[in-house]
1. How do the pairs read when you match residues in segment A:87-111 that are at the interface with another protein chain (Cβ under 7 Å from one of its Cβ atoms) and free of Cβ contacts under 8 Å to residues at least 24 places away in the same chain with residues anywhere that are surrounded by 23 or more Cβ atoms within 10 Å (Cβ to Cβ) and of a type in the set (Lys, Arg), using Cβ under 8 Å and keeping only pairs 6 or more apart or on different chains?
2. Considering each of B:Leu111, B:Leu43 in turn, give the residue that is crowded, with 20+ Cβ neighbours inside 10 Å, under 14 Å from the mean Cα position of the chain (by Cα) and more than 12 Å from every other protein chain (Cβ to nearest Cβ).
3. Which numbered condition in (1) closer than 20 Å to A:Thr5 by Cβ; (2) of a type in the set (Asp, Glu); (3) not in a strand (DSSP E or B) is the only one that A:Glu76 fails?
4. Out of the strands (runs of 3 or more DSSP E) lying entirely within segment B:4-70, which hold 1 or more residues that are of a type in the set (Ser, Thr, Tyr)?
5. Restricting to segment A:21-58, and then to whatever is within 14 Å of A:Leu92 (Cβ to Cβ), more than 11 Å from chain B (Cβ to nearest Cβ) and part of a loop (DSSP other than H, G, I, E, B), can you tell me which residue is farthest from the chain's Cα centre (by Cα)?
6. Listed residues B:Ser18, B:Ser87, B:Ser33, B:Ser80; which is polar (S, T, N, Q), in contact with a Phe, Trp or Tyr (Cβ under 6 Å, 6 or more places away or on another chain) and modelled with pLDDT of 95 or more?
7. Any idea how many residues of segment A:61-84 are loosely packed, with under 15 Cβ neighbours inside 10 Å and out of contact with any strand residue (DSSP E or B) (no Cβ under 7 Å at 6 or more places or on another chain)?
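The values are calculated or read from the model by the stated rules, or taken from the named source; none is laboratory data. Everything quoted here is computed from the prediction, not taken from an experiment. Cβ atoms come from the backbone with ideal geometry, glycine included; neighbour counts cover every protein chain shown.
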Amino acid sequence: GNSVTQMEGPVTLSEEAFLTINCTYTATGYPSLFWYVQYPGEGLQLLLKATKADDKGSNKGFEATYRKETTSFHLEKGSVQVSDSAVYFCALRLRTNAGKSTFGDGTTLTVKP
Amino acid sequence: NAGVTQTPKFQVLKTGQSMTLQCAQDMNHEYMSWYRQDPGMGLRLIHYSVGAGITDQGEVPNGYNVSRSTTEDFPLRLLSAAPSQTSVYFCASSYSTSGSDEQFFGPGTRLTVL
């Protein structure tokens, strides 16, 4: 079956620190990969995505590269801000699976001033 | 566009009661889905729909029913609430079933079953 494994949290960083959240996947097919972010009390929203191998998704200073050879999609940001404190979800989606998505368990990030 | 809307925002039920969580989208999206979010368990798919009149079960469908009579609306019915159904429920939609389409999420309904 399909699965997504995320780095366990919570993660606590100081402002301006470098962030990496690891994500690996298994899939019966060729998935698209997504990072979603959830701020407190809100629904998930798309942060970035990549639809084929070696694609790099980027948004708001966050980046992730689709690595087919290592089945990974790690999220990085060079300098985090307090406003980046949120829960981050890695997800995959397959058209061949009726468009169903599979989500990781989420990683809680807290950034301290 | 309002995007994906959900009502109510909060609900408390007693064991055995039934209720319907409402979900609507105004983006003419083909695909809609319901998830529950429990601490440390990510999002689990309850039911989904690939178009009006078509629904199917997800990962955790027991105790829930859905229907999709219009493109816009996708209500989730709890038949006889149980404490195990205490959770945060999210409705989501996407333009199609294409794997590359992002999903748009509603703000969630926080349900407590006593």
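1. Close Cβ pairs satisfying both conditions: A:Gly99/A:Arg93; A:Lys100/A:Arg93.
2. Numbers: B:Leu43 fails: more than 12 Å from every other protein chain (Cβ to nearest Cβ).
After applying the criteria, what remains is B:Leu111.
3. Just one mismatch for A:Glu76, condition (3).
4. Details: elements: B:4-7, B:10-13, B:19-25, B:31-37, B:43-51, B:54-57, B:64-66.
Answer list for segment B:4-70: B:4-7, B:19-25, B:31-37, B:43-51, B:54-57, B:64-66.
5. A:Thr28
6. Numbers: B:Ser18 fails: in contact with a Phe, Trp or Tyr (Cβ under 6 Å, 6 or more places away or on another chain); B:Ser87 fails: in contact with a Phe, Trp or Tyr (Cβ under 6 Å, 6 or more places away or on another chain); B:Ser80 fails: in contact with a Phe, Trp or Tyr (Cβ under 6 Å, 6 or more places away or on another chain).
Sole residue among the options that is polar (S, T, N, Q), in contact with a Phe, Trp or Tyr (Cβ under 6 Å, 6 or more places away or on another chain) and modelled with pLDDT of 95 or more: B:Ser33.
7. Residues meeting the conditions: 6.
Per-residue answers, yes or no, for (1) among the β-branched types (Val, Ile, Thr); (2) more than 25 Å from B:Phe90 (Cβ to Cβ); (3) modelled with pLDDT of 95 or more:
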{"position": "A:Ser14", "(1), (2), (3)": "no, yes, yes"}
{"position": "A:Pro31", "(1), (2), (3)": "no, no, no"}
{"position": "A:Trp35", "(1), (2), (3)": "no, no, yes"}
{"position": "A:Leu47", "(1), (2), (3)": "no, no, yes"}
{"position": "A:Lys60", "(1), (2), (3)": "no, no, yes"}
{"position": "A:Ala64", "(1), (2), (3)": "no, no, yes"}
{"position": "A:Gly78", "(1), (2), (3)": "no, yes, yes"}
{"position": "A:Gln81", "(1), (2), (3)": "no, yes, yes"}
